[in-house]
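The values are calculated or read from the model by the stated rules, or taken from the named source; none is laboratory data. Please read these numbers as outputs of a predicted model, since none were measured by experiment. Note: ideal-geometry Cβ built from the backbone for every residue, glycine included; neighbour counts use all protein chains shown.
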Amino acid sequence: MTPTAAAATIVTHATTPFDGQKPGTSGLRKKVVVFAQANYAENFIQSVFDAVQPPQGSTLVIGGDGRYYNRTVIQQAIRMAAAHGYGRVLVGQGGILSTPAASHVIRKYGSKYGASGGLILSASHNPGGPDEDFGIKYNIANGGPAPEGVTEAIYARTQTIDRWQTVDAPDIDLDTIGTVEVGGMAVEVIDPVADYAALMEELFDFPAIRALVASGFTMAFDAMSAVTGPYATEILERRLGFAKGTVRNGTPLEDFGGHHPDPNMVHAHVLFATMFGADAPDFGAASDGDGDRNIILGKGIFITPSDSVAMLAANAHLAPGYARGLSGLARSMPTSAAADHVAKALGIPLYETPTGWKFFGTLLDAGLATICGEESAGTGSDHVREKDGLWAVLLWLNILAVRQQPVAQIAAEHWARFGRNYYARHDYEALPTPQADALIAELTASLPGLPGRAFGPLTVATADSFAYTDPVDGAVSRNQGLRVLFEGGSRVVFRLSGTGTQGATLRVYLERYEPAGGTLDAQTPDMLADLIVAAEALAGIARHTARTAPDVVT
Ligand code: VG1
Ligand code: CO
């Protein structure tokens with residue numbers, strides 16, 4: 001159906017500036033009760049439209065991870081888009097689009113219909129439900145999260161906003177595929193899985209993976225009652241032939257079954273128990289609320305996300321989509337240097353960026369990097385502009401199908417060649433913000449005096465606050481984490497989370513490098529014991545926060 005010429009009447013609601021806290025690492029995240037306040041979600045969406053100024057007739061993609069409040073905000077966003085000159089909205093059936101699928105849809109239909117962007121409704125790995133979290137993020141036409149210049153303009157607008165505009169139209173049927181009209185604008189309800197699954201078939205050798213499955217290879221995938229369920233069921237069970245039941249918790253639920261859709265040892269403990277149990281399948285994986293994260297396990301082994309990026313990069317040429325090789329690698333600063341060793345061996349550049357996928361966008365657009373990764377279970381490539389959980393799972397499967405070795409053997413051979421970066425992240429959650437700020441301020445002030453000082457067997461080599469200059473557009477980002485490097489290459493990084501919704505979260509990243517020929521099969525906590533003591537001595541975590549142990553270790 002084509003939109004009718006007569007646009008509906010625009011309705012203007014008066015409003016006032018709101019406490020629209022600066023969008024953090026990944027858009028605006030708040031409790032549902034905050035989003036549900038009169039004018040709140042509308043204010044944010046209006047601020048996006050005011051900041052972005054979409055050209056008349058633009059296309060807007062809308063989708064979310066299926067959490068509570070998704071449908072309410074989607075209906076409102078559709079009406080508001082109609083009042084702001086958009087020509088077309090594409091929305092996933094049921095309001096569903098995983099974050100990587102949304103990125104792909106923005107890119108694919110953006111080139112078909114003209115300049116485009118998207119609203120992604122998710123709070124990622126945070127819990128969902130009436131008392132839990134919600135989030136809105138704006139992605140630009142390249143399919144990636146808005147860069148800081150845009151998020152800052154959106155934030156500035158939230159501080160001056162005085163009205164939001166919509167059209168008077170009823171809710172649409174989000175569950176039926178097809179095109180309807182809202183205020184003269186076309187709204188296409190699309191299959192959320194089809195375009196994404198087709199892209200995966202282009203990148204990976206599905207026949208080789210099908211042959212692996214036919215040979216008896218087994219897998220467990222935990223979708224955590226979140227958005228990846230329909231994608232994983234279609235791709236793993238229907239297209240690749242894994243047995244029914246391979247995808248666990250495959251139906252997206254508004255409250256994720258009451259769990260945190262965060263794939264780590266704490267929240268995905270059932271999958272960990274399966275993979276370390278007697279009858280473990282050959283391969284295990286899980287994704288988060290919005291489908292952009294992944295964890296990878298083999299029989300009796302967990303591959304840290306930092307190692308996974310490095311191992312994927314070292315083997316990516318085995319998949320058709322990467323057979324031509326990689327132009328470069330990029331990792332966030334707190335991510336371990338495992339990828340650096342691979343980049344060096346491949347003779348390609350390695351970029352070290354601040355935390356958050358938005359910093360990879362310029363590198364991917366410019367063709368400087370092909371694969372990117374973060375220690376927080378994020379891996380991806382230039383096929384979209386978000387991290388992509390299932391993509392990482394499929395690249396692993398493609399590599400396993402070609403190499404015909406267990407995951408543990410691929411890891412052992414990797415470490416024997418490149419050395420091993422023992423790694424852990426300790427999170428102290430829901431700290432009173434003044435305490436966390438005081439810890440960071442005191443540690444920042446102490447940095448210049450640290451070089452040369454000894455902490456047990458460790459001596460500080462350098463200490464600084466990480467600042468980044470984007471090599472493509474020259475944008476400068478300061479205060480992106482405090483890093484203390486010890487002689488010999490061990491490292492502790494401290495930073496405050498930009499995605500939490502309750503108080504402050506302190507993240508302490510610990511890393512120790514053992515070169516090839518060193519101790520490659522030790523237990524991580526043993527290898528990091530001296531660093532953990534040093535981190536406490538450096539930052540006075542217990543003194544500032546009265547916490548003696550982290551809430552989550554990943
Ligand atoms: C965290 C991770 C970061 C990731 C971000 C968004 O940010 O550390 O690596 O990019 O979440 O991931 P922070 O500021 O809380 O450390 V997702 O899956 O929540 O979009
Ligand atoms: Co996520």
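Name the pairs: first residue in segment 269-295 and closer than 12 Å to A377 by Cα, second residue more than 16 Å from ligand 1 (Cβ to nearest atom), Cβ to Cβ under 6 Å, at least 6 apart or on different chains?
Close Cβ pairs satisfying both conditions: A285/F221; A286/L271.
Does T166 satisfy being farther than 23 Å from D65 by Cβ, not acidic (D, E) and not in a loop (DSSP other than H, G, I, E, B)?
In short, yes.
Select from segment 93-137 the residues that are away from ligand 2 (no atom under 16 Å from the Cβ) and buried (at least 24 other Cβ atoms within 10 Å of the Cβ) and list them in ascending order.
G95, V105, I106, S116
I need the full set of residues from segment 282-304 which are over 21 Å from L236 (Cα atoms) and within 16 Å of ligand 1 (Cβ to nearest atom), in order please.
T304
Does at least one position in segment 275-286 carry a residue that is within 17 Å of H125 (Cβ to Cβ), touching a Leu at 6+ places or on another chain (Cβ under 8 Å), within 16 Å of ligand 2 (Cβ to nearest atom) and of a type in the set (G, A, S)?
Yes; the residues of segment 275-286 include at least one that is within 17 Å of H125 (Cβ to Cβ), touching a Leu at 6+ places or on another chain (Cβ under 8 Å), within 16 Å of ligand 2 (Cβ to nearest atom) and of a type in the set (G, A, S).
Which numbered condition in (1) buried (at least 17 other Cβ atoms within 10 Å of the Cβ); (2) assigned by TED's automatic domain parsing to the domain that holds S98; (3) of a type in the set (S, T, Y) is the only one that S225 fails?
The number of the failed condition is (2).
Look at H260 and say whether it is out of contact with any strand residue (DSSP E or B) (no Cβ under 9 Å at 6 or more places or on another chain), in a loop (DSSP other than H, G, I, E, B), within 16 Å of ligand 2 (Cβ to nearest atom) and of a type outside the set (S, T, Y).
Judged against the criteria, H260 is a match.
Do we have D173 as more than 16 Å from ligand 2 (Cβ to nearest atom), in contact (Cβ under 8 Å) with a residue 40 or more places away in the chain, surrounded by fewer than 23 Cβ atoms within 10 Å (Cβ to Cβ) and of a type in the set (D, E) here?
It is false that D173 is more than 16 Å from ligand 2 (Cβ to nearest atom), in contact (Cβ under 8 Å) with a residue 40 or more places away in the chain, surrounded by fewer than 23 Cβ atoms within 10 Å (Cβ to Cβ) and of a type in the set (D, E).
Is it the case that some residue within segment 97-111 is within 12 Å of ligand 1 (Cβ to nearest atom), closer than 15 Å to F256 by Cα, out of contact with any Cys (no Cβ under 7 Å at 6 or more places or on another chain) and not in a strand (DSSP E or B)?
yes
Do we have any residue at all in segment 142-149 that's at pLDDT below 95, assigned to a strand (DSSP E or B) and not assigned by TED's automatic domain parsing to the domain that holds H260?
There is at least one residue in segment 142-149 that is at pLDDT below 95, assigned to a strand (DSSP E or B) and not assigned by TED's automatic domain parsing to the domain that holds H260.
Taking the residues in segment 1-48 that are outside any loop (DSSP other than H, G, I, E, B) and small (G, A, S) as candidates, determine which candidate is modelled with the lowest pLDDT.
If we take residues in segment 1-48 being outside any loop (DSSP other than H, G, I, E, B) and small (G, A, S), then G24 is modelled with the lowest pLDDT.
Which residues, counting only those in segment 70-103, are touching a Leu at 6+ places or on another chain (Cβ under 9 Å) and among the charged types (D, E, K, R)?
Answer for segment 70-103, where residues must be touching a Leu at 6+ places or on another chain (Cβ under 9 Å) and among the charged types (D, E, K, R): R71, R88.
So in segment 525-554, with the set limited to residues that are part of a helix (DSSP H, G or I) and not aliphatic (A, V, I, L, M), which one is nearest to M265 (Cα to Cα)?
Step one: list which residues in segment 525-554 are part of a helix (DSSP H, G or I), which gives 525-539, 541-545.
In the following step, the residues that additionally are not aliphatic (A, V, I, L, M) were identified as 525-526, 530, 536, 543-545.
Working: P525: 14, D526: 18, D530: 23, E536: 23, R543: 27, H544: 27, T545: 24 Å.
By that ranking, first place goes to P525.
For segment 371-393, which positions are of a type in the set (S, T, Y) and more than 13 Å from ligand 1 (Cβ to nearest atom)?
Passing the criteria: only S381.
Any chance segment 279-289 includes a residue that's assigned to a loop (DSSP other than H, G, I, E, B), modelled with pLDDT of 95 or more, of a type outside the set (D, E, K, R) and surrounded by fewer than 22 Cβ atoms within 10 Å (Cβ to Cβ)?
Scanning segment 279-289 turns up at least one residue that is assigned to a loop (DSSP other than H, G, I, E, B), modelled with pLDDT of 95 or more, of a type outside the set (D, E, K, R) and surrounded by fewer than 22 Cβ atoms within 10 Å (Cβ to Cβ).
Pick from Y86, Y68: which is at pLDDT 95 or above, over 24 Å from the mean Cα position of the chain (by Cα) and part of a loop (DSSP other than H, G, I, E, B)? First the steps, then the outcome.
Values: Y68 fails: over 24 Å from the mean Cα position of the chain (by Cα).
After ruling out the rest, the residue left standing is Y86.
Among (1) surrounded by fewer than 24 Cβ atoms within 10 Å (Cβ to Cβ); (2) touching a helix residue (DSSP H, G or I) at 6+ places or on another chain (Cβ under 6 Å), there is one condition S47 misses while meeting the rest; what is its number?
The one condition S47 does not meet is (1).
Here are some conditions: (1) touching a strand residue (DSSP E or B) at 6+ places or on another chain (Cβ under 7 Å); (2) at pLDDT 95 or above; (3) part of a loop (DSSP other than H, G, I, E, B). H125 meets all but one. Which one does it not meet?
(2)
Please specify each residue of segment 474-490 satisfying the condition of being free of Cβ contacts under 8 Å to residues at least 60 places away in the same chain and surrounded by 15 or more Cβ atoms within 10 Å (Cβ to Cβ).
L482, V484, L485, F486, S490
Inspect segment 269-277 for any residue being assigned to a loop (DSSP other than H, G, I, E, B) and more than 16 Å from ligand 1 (Cβ to nearest atom) and give the result as yes or no. Break it down into steps so the answer makes sense when it comes.
Start the filter on segment 269-277 by keeping residues that are assigned to a loop (DSSP other than H, G, I, E, B), which leaves 276-277.
Remaining after also requiring more than 16 Å from ligand 1 (Cβ to nearest atom): 276-277.
Checking segment 269-277: at least one residue is assigned to a loop (DSSP other than H, G, I, E, B) and more than 16 Å from ligand 1 (Cβ to nearest atom).
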